[in-house]
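Engineer: Have a look at this one before I ask anything.
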Amino acid sequence: MTNIKPKFIEIDGGRVTSVRITDADGERFAHYDGDPFVFFIDLVDQDGGRTGLWTGSDYQDAVREAELCRREWEIDEPVHDLIAGGTA
């Protein structure tokens with residue numbers, strides 16, 4: 001699939017107040033108009049590097065998606081759920 005050596009899938013979240021836009025005009029920040037609390041699913045590799053896999057505003061969707069990602073990447077370790085304070 002890739003040369004990434006996955007270690008675990010992680011659910012985290014936070015408040016988003018602005019977004020960084022990079023385009024032909026350069027880079028700028030803009031106000032974020034979506035739901036202010038967003039959940040993130042990251043693939044954390046053996047070296048601690050992160051790859052963003054999913055972003056959404058519903059926690060239950062995040063839990064389901066994290067489990068799907070764990071299976072797709074063939075990771076044995078349970079999902080690390082930083083929102084719930086443990087593993088999913």
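The values are calculated or read from the model by the stated rules, or taken from the named source; none is laboratory data. Nothing here was measured: the structure is a model prediction, and the numbers come from that model. Here the Cβ is made from the backbone with ideal geometry for all residues, glycine too, and neighbour counts use every protein chain on show.
Engineer: Residue by residue through the range 1-14, note down the ones that are modelled with pLDDT of 85 or more and among the β-branched types (Val, Ile, Thr).
Structural biologist: ILE9, ILE11 - these are the residues of the range 1-14 that are modelled with pLDDT of 85 or more and among the β-branched types (Val, Ile, Thr).
Engineer: Out of all the residues in the range 59-75, is one or more in contact with a Lys or Arg (Cβ under 7 Å, 6 or more places away or on another chain) and at pLDDT 95 or above?
Structural biologist: Checked against the condition, which is being in contact with a Lys or Arg (Cβ under 7 Å, 6 or more places away or on another chain) and at pLDDT 95 or above, the range 59-75 yields no hits at all.
Engineer: Restricting the range 57-88 to residues that are among the hydrophobic types (A, V, I, L, M, F, W, C) and not in a helix (DSSP H, G or I), which is farthest from THR17 (Cα to Cα)?
Structural biologist: Among residues in the range 57-88 that are among the hydrophobic types (A, V, I, L, M, F, W, C) and not in a helix (DSSP H, G or I), the one farthest from THR17 (Cα to Cα) is ILE75.
Engineer: Being without any contact (Cβ under 8 Å) to a residue 24 or more places away in the chain and either surrounded by 16 or more Cβ atoms within 10 Å (Cβ to Cβ) or over 15 Å from the mean Cα position of the chain (by Cα) (or both) is the filter here; which residues of the range 57-66 pass it?
Structural biologist: Within the range 57-66, no residue meets the criteria.
Engineer: Looking at the structure I just gave you, is ARG50 more than 14 Å from the chain's Cα centre (by Cα) and under 22 Å from LYS5 (Cβ atoms)?
Structural biologist: No; evaluated as a whole, the condition is false for this residue.
Engineer: Still on this structure, please answer the following. From the list ARG50, ARG64, ARG70, exactly one residue is out of contact with any strand residue (DSSP E or B) (no Cβ under 8 Å at 6 or more places or on another chain), on the phi < 0 side of the Ramachandran plot and of a type in the set (D, E, K, R). Which is it?
Structural biologist: From the options ARG50, ARG64, ARG70, the qualifying one is ARG64.
Engineer: Here's something else I'd like to know. Collect the residues in the range 1-50 that are exposed (fewer than 10 other Cβ atoms within 10 Å of the Cβ), in contact (Cβ under 8 Å) with a residue 12 or more places away in the chain and part of a strand (DSSP E or B), keeping them in residue-number order.
Structural biologist: Within the range 1-50, ARG15, ALA30, HIS31 qualify.
Engineer: Say whether the condition of being touching a Gly at 6+ places or on another chain (Cβ under 8 Å), under 18 Å from HIS80 (Cβ atoms) and at pLDDT below 95 is met by at least one residue in the range 15-31.
Structural biologist: Checked against the condition, which is being touching a Gly at 6+ places or on another chain (Cβ under 8 Å), under 18 Å from HIS80 (Cβ atoms) and at pLDDT below 95, the range 15-31 yields no hits at all.
Engineer: Then there's this: Please state which of the following conditions GLU74 fails to meet, knowing it meets all the rest: (1) farther than 28 Å from ASN3 by Cα; (2) more than 16 Å from the chain's Cα centre (by Cα).
Structural biologist: (1)
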